[in-house]
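Below is one structure, written out as structure tokens, with a few remarks after it.
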Amino acid sequence: MTANNETWFLSQRSEALAGLVLMSRNDLEVRSEQKVDTGADFLVNIRQDNGRAMRLFTVQVRGTVSSDTSEWMKTLKELLTVEGGQVFLPTCVFIINVRSNQPFYRWVAEPVIENEEAKLRIGEPGDFEPLTRSVVDGIVGSVNRWYDAIPRQLMAAKK
């Protein structure tokens, strides 16, 4: 397989597998951003019951044939060291081992609530964790709590 074919295979297969993991939830709308190089492969919207809220997070996907985390880090260094002013939405990196079909994830910009304020924790060191359905549930829960805190934070700022 030529280098171009291998790159295409890794990209296409890893994005397809990542999409399947995300679409295991009925409340997620996953839009591929392949045609626009924004740094995100997927823009994910968490649908709310009223259908009006936009709760977005982004996912960058990387494919690999290696199970060696240190190999992944060589290709991800630029993603994991983003400057605070460049990320405005919760953002994850998904690593998909296309040989074993094993997905892993790590936050790039993790949505957190600190002192009742919605913040993005950017560039915190951490390990890649296996990406399972329950982990996707946790990602969605974290993003929802973050969005829930924003109106309270804005209203408190008005006082």
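Table for the structure above
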quantity	calculated
Charge sum, other residues only, whose C-beta stays under 9 Å from Arg47's C-beta, Lys/Arg counted +1 and Asp/Glu -1	-2
Counted charge near Val30, where neighbours are those whose Cβ lies closer than 14 Å (Asp, Glu -1; Lys, Arg +1)	-1
Theoretical FRET efficiency, 1/(1+(r/R0)^6), r = Cβ-Cβ of Asn144 and Thr7, R0 30 Å, to 0.05	0.30
Extension gain, Glu29 back to Lys119 (0.36 nm per residue minus Cα-Cα distance, nm)	30.1 nm
For the range 50-66 versus the range 120-153, the gap between their alpha-carbon centres in whole angstrom	11 Å
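Read-outs throughout are calculated quantities, based only on the coordinates presented, and are distinct from any laboratory measurement. Remember, predicted model here, so these are calculated numbers, not experimental data. Cβ coordinates were reconstructed from backbone atoms using ideal geometry, including for glycine residues, and neighbour counts include every protein chain displayed.
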